[in-house]
Every structure is written in C-alpha cells, then in structure tokens.
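Structure first, then comments.
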Amino acid sequence: MFRPRLLLPSPVGSCLAATLLLAASSGKSAAAPAPVQGADLVKTDILGVFAHPDDETGMAATLAAYALGQHARIVNVYCTRGEGGGNMVGTHLGPALGILREAELRDCLAELGVKRCYFLDKADFAYTESLRITLEKWGNEETLGRLVRLVRTLRPEVIVTMNPAPVPGQHGNHQAAGVFAIEAFDLAADPTWFPEQITQEGLHPWQARKVYLTGSVGDAPPTVTVSVDQPLPDGRTPAAVAGAALAHHRSQGFGSFANAPWLRRAQGFTLVKSVLPFPTSETNFFEGLPVAGDLPPRILGPGDGFTNRGVAIEFAARPALEGYQSWIHAERIEHVAANLVTDLPVVAGEINDIFLYLYNPTPKGVDRNVRFEPPAGWKTDYSDIIVHYSPSITNRMRLLITPPAGRPPDALLRATAQLESSETRLVARLHPVPQLNIPKLTAPLAVEPGDTISGWDSLPGHLIEPGFTWQGSVRDAADLSAKFRIAHTDTHVFVEVRVTDDVVVSNIAPDDIKGHWRSDSVELCFDPTPGSEHTLGCYKIGIFPFDATGRVRAARDADANPGPIESSAPGTRIASWKTPDGYAIRASIPFSEIGFKPAPDNGRLGFNVLVYDGDKRDAAPGENINKSRIAWSPRSGVQGRPEDWGRADLK
C-alpha cells in the first residue's frame, strides 16, 4: 500500500485553510477559494522525462498509482512527438504523424491522471541505438537548456526517467532522455547554467530532491518497488488503468494493451541521485520528503563518486559503452552501472583485436602479472604475461583472440591483474558475428522473378534458421526460415533471399511504402565501414515482396537517405515472386548507393539480412502484424546497431 504523499506546504493551501477557519469561527459562509495561479499552478510532485509518446509504458501503472491513488501532481516531458515511428492506423507520416501521436498521448495521460505534458521539440529522426548521433542531431546543450527551463518552472520533487545504459535493444533516443534528466537534476540548481533563464525569464534555480530510473541495476534489487494491483478509490487497479490508457497509442499498435498481463507486474525504480542520505531501499518516491528550508549538501550516490582504483585494468569497450562509462564517472553515479559487462563484437573464425586500459595513477612504474582466461575453444596470444604499468598515465594493451569458426555462442573473457596484495578481476562478454565471402561475377545477374533465371543457383547459399531469432518466436522452419545468396561485380552487389513462410501477408497499400517491419518483408543492411556505431552512414532497404496490389516495393529505412527507393535509391533494382513454400526477392544495388568503393585495401562490408513475419491472414491495411524476426546475424535491436552485423568480404 502507498503511504499518503508528503509534499512541501503550498502557500495557496495555507491561505485557503486560514480563510475557511476564519469563516467557520465567524459563522459566515466561506468565500470561494482563490484560483491556483502563477508558480503554484505548475508546481509538480513527479516529473517524468521520456523520448517519445508511449515511452511512459514502462511506468504507466506507477504513474496511475501516484496520480489517482495519492493525488500526486504529475507532469511528463517528451523529447519528440514520435514523428519518426510507424503508423498502424493510417497514412500519416513525419510531422503529420507527430500530430496524431500527440493526440493519442494526451488521451492516454488523461486516463492515467497525469496533469499535463510538454515537448522539447526534437526530431524523431530514425531508429538508432546510438546516444552520440542522437545528441548530435538534437543539439546536446540546447536540448538540455529546454529541459532545465522546465525543471526550474515546474519545480518537481522527484524526477523519473529511462535507463541511459547502452545495452542491446535500448533506443539511443531513450538513452538521451535518461542522460538529459539526470544532468538537469544538477544543472537546474546551478545558477551558472543557462543564466538567462534567471536574469531574463524570472525563474529561480531549483533542486529536485530525487531522480530515479526505471528498473533495477545488475543483480541489485530496485530502490523502490511499486505494487500496481492495489485498488484505487474507484475500485480499479493501477494496472487496469494503465492498460486502458496505453490502448490510446493505436498508431503504435497498442490497441490491445487493455488486458496485457505483464502490466500487472510490480514496477521497480533505482535511485540515481538524492539530496537525502542515500538509502538501500525505500517504500515510495516521497520517503524522507518534504525537505523544507535550505537544502543540505547534495548526496550523489553510494560512495559519492570515484574510488581509488590503484593500479588496475579495464577492457576498452565499444564506443557507445566507453562514452557511457565516462559519463557515469563524470556524474559520480557509478552504482547505476554495477555489473554492466563490457560487450564486444568479434568476428567468428578470425583474429580479433581486443584492447585493455592499464591504469597507474602513481608516479612510479610497476610490473604486474596479468592472466587471461579465454572461453573454451577460443585462442589468445597471451594467457599469463608480465605487464609494465608506466607511471602516472593510462597505458593500452593489445590482446589477440580468435573465436571458433561458424556460429559459436556468446562467451566470457576473464582477466585478472595482480596488485600489491590483492587482485583485480574483470570480465568482457564476447559476441561472435558471422563472416562470409562474396564471390565476384564475370557478368551481372538478371534481377527478374522466377527460378529459371541463370546464374543465381550456382552461388553458395547461406541459411537463416528458425533459431536465428532476434524478436518474437518461430515455431519451425515452415513457419519462418530463409536462404540467401550474394555476389558482386565491380559496380554492384546482387542478393537473392528465398523465404519459407507458411502464411504470406500483403497488407501494405501502394501509397504506404514505409515501416517494412509491419508486415512480411526482407531487410538488406550494408555498412561501408564495418562496425559502425550507428546506421546513418549505412544503406538499409526494407523490401515488401508484394504490396496490396501484388507489386514488389521497397524503401530505405533509418539510414541517411530514407524513403521509397524510387527517390532514395533510384539505381536499386528489385524483383519478387511467390514460391510453393513462401516467396523470394532479388536485388541489384550499386556500390555507389551503398557509399562503398571496392579496392584492394577496401573489400569488407558490414552486412545483414533480416526477415520479418506476420502470419495474420485477415490483417487490416497498414496494420502492424509483426510476429517474429530472424536474421543472418541476430541480436536484440540489431537493425539499429551495425556493430553486431556480420562481415562480408569481396573476393
């Protein structure tokens, strides 16, 4: 059960109480209370910070519990209007879709009891898993200033936000929302940041009391766990309210959320920063509040910042994780990354470089023993080595590791550094990605439908099996599987994908060629600089084998030049046809449209084939029927993270 909320006294409330008391004692009728106005009109208890409309899903039941059960004043802030998403109920796209999604959002929040919402007016430009490209597109400091203005205006007691950790499947926009919320917690209280808001807009610095992110951290339990099955005053549970509210996000396929069983699960939140002594657990967000008068010195987190690492080692992570680690150190919130394992893509069957940082803050160089424990069946150039730590600098060490060929599973690489009287242990998760060779043709292949087109059957085939699933579930090979072939000339790459699918759906109208993930489709992904952090330098094309009129159609998606290929990739040629067990597609793509120039020293591409399956025979036009997804190089969120695509070498 929730405790009654604890809020700072309201001057308006105090005046109203005094007026009623005076009227009662004099025997006269009380005058109508003065309307809440000015700063008191926007005073907020809980401020939620999100990236897109519908991102409140993960804490919707909690918001309903506090708003309707404790009468907390809740306001949400959204970085975008979601105009870059799909549309499952019409043809609205871009800014027009943003208008529709805002309307859906306001209907949702009204049911949850959230008083109002505001937007930072940033562009929802594409699906990406990169925080860096998000900040680059949005403008880091300008966006942060907009959020700081809202914090100073709304004066929230508590801020809740999304987890900014760059784990697989976490949208880069979601990471940005969490970063902005946590930074605004500090900067809104600092008059040296965005001083024009104070000198020109009549605002004052404001220190929110606590900031939380959704979920737990590593193996640690969440700081606050909210039960969402306790009845509200009207008899409904917060989970039931959340289900009905979230169903308003129909353009995103949430129409059936009203009875979603997962909404009934308790929701956890991790405390990131607080003005109060840092607890290990709390009963609710308002525990220890209100804080009246001058605020005590801010306590930032357990341990309050850096610990002395001494002479130690650390794996060099992929760029997104390295940036995150630097940020949490600067923010002094290392506890939110507890047990976050460094995740490294490596190419199966070949030698890979892995780098380690060697820290020595002392003015004296030292020699220390470092041991490596590779996964079983993997090879390294070192197992036990004496390493020299140069004084007062960060040194870098190179380790060579070779996974088995084929498709070995993810595995852990362990390292141990011997210190003066103890050991430092660390671990990295190695994620093998597949590799293939692209044979060279003596003449281009014809991109026409049918099994009798010569040249294609002589190419080696590569299987995408039912177990190569990265979303949803696949019953068996008849439900969903695929085989593809790939070859090249000096100027083009040629791809054929034969999909086994027992129910082929064609519910996309000719004027709705976008959002290929909504229906049966194939996505071809090329990265001219293998291992890129984001897709904006890539070529990604989603191919509908048949639109509602039976024609093959395609559009580039979430790269630097999205849109139907007639305008975004006019040199690309595609074909499709039905087969006895599903369908097949072919494509001819100029290297110039991929942004790749083959050369003796430039013959490797990042590459992936993704297959989407719906299986809904009576699908409405444009309806999102996504059931399952498989890929040659599968992983959660892989469509937006080229680092985890396979590698393809021109031969």
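Taking every Cα-Cα distance in the chain and sorting them into 20 Å bins from zero, the calculated P(r) comes out as 17, 45, 31, 6, 1, 0 percent. Here's the list of aspartates and glutamates a cross-link from LYS115 could span, going by alpha-carbon distance under 20 Å and ignoring same-chain residues fewer than 8 apart: ASP40, ASP45, ASP54, ASP55, GLU56, GLU102, GLU104, ASP107, GLU157, ASP234. Ordering SER383, SER216, SER633 by the number of other Cβ atoms within 10 Å of each residue's own Cβ, fewest first, gives SER383, SER216, SER633. Could you calculate the FRET efficiency of TRP577 with LEU441 from 1/(1 + (r/R0)^6), where r is the beta carbon distance between them and R0 is 22 Å, rounded to 0.05? So, using R0 = 22 Å, E works out to roughly 0.55. A protection proxy built from the mean count of other Cβ atoms within 10 Å ranks the segments 192-205, 166-179, most packed first, as 166-179, 192-205. Under 17 Å from a label point 7 Å along Cα→Cβ of LYS379: give me every residue in the range 327-358 with its amide N that close. Taking a point 7 Å out along Cα→Cβ of LYS379, the residues of the range 327-358 whose backbone N falls under 17 Å are 347-354.
Could you tell me which of rounded, prolate or oblate describes the range 91-211, using a ≥ b ≥ c as the square roots of the eigenvalues of the alpha-carbon gyration tensor, with rounded for a/c under 1.5 and, failing that, prolate when a/b is larger than b/c and oblate otherwise? Prolate.
I need to check one value: relative contact order of the range 39-274, counting alpha carbon pairs closer than 8 Å and at least 6 residues apart, in percent.
25 percent
Residues of the range 58-99 with an amide N closer than 11 Å to a point placed 7 Å from the Cα of ASP229 along the Cα-to-Cβ direction: none. The lysines within cross-link reach of LYS616, meaning a Cα-to-Cα straight distance under 16 Å and a gap of 8 or more places when in the same chain, are LYS627. Neighbour counts of other Cβ atoms within 10 Å put ASP520, ASP40, ASP547, ASP511 in the fewest-to-most order ASP511, ASP40, ASP547, ASP520. Taking the inverse of the mean 1/r over every pair of distinct Cα atoms in the range 464-529 gives a Kirkwood hydrodynamic radius of 14.1 Å. Working note: Cα atoms of the range 29-70, range along each principal axis, descending, whole Å: 47, 23, 14. Bridging of LYS122 to lysines at a Cα separation below 22 Å is possible for LYS137, LYS514, once same-chain residues fewer than 8 apart are set aside. In terms of its Cα atoms, the range 584-650 spans 51, 25, 18 Å along the principal axes, sorted from long to short. As a test of the formula, what do you get for the chain when each DSSP H run with n ≥ 4 contributes -39,500 (n - 2.57) and the sum is divided by the residue count, at 222 nm and rounded to the nearest 500 deg cm²/dmol? Estimated from H runs of four or more residues: -5500 deg cm²/dmol. Look at the alpha carbon pairs under 8 Å that are at least 6 residues apart: their mean separation over the length of the chain gives a relative contact order of 11 percent.
Could you order the peptides 79-88, 371-380, 328-337 from most to least packed, using the average number of other C-beta atoms within 10 Å per residue?
79-88, 328-337, 371-380
I need the shape label for the range 312-433. Rule: rounded when a/c is under 1.5, else prolate if a/b > b/c, else oblate, with a, b, c from the alpha carbon gyration tensor. Oblate, because a/c is 1.5 or more while a/b does not exceed b/c.
Between HIS329 and ASP107, 0.36 nm times their residue separation minus their Cα-Cα distance comes to what? Going from the current span to full extension adds 76.0 nm. Shown is the FRET efficiency for ARG429 and ASP601, computed with R0 = 41 Å from the Cβ-Cβ distance and rounded to the nearest 0.05: 0.85.
Bear in mind these aren't lab numbers, they're just calculated from the coordinates by the rules spelled out. Values in this document were obtained by computation on a predicted structure and should not be read as measured data. Backbone-built Cβ (ideal geometry, glycine too); neighbour counts: all protein chains shown.
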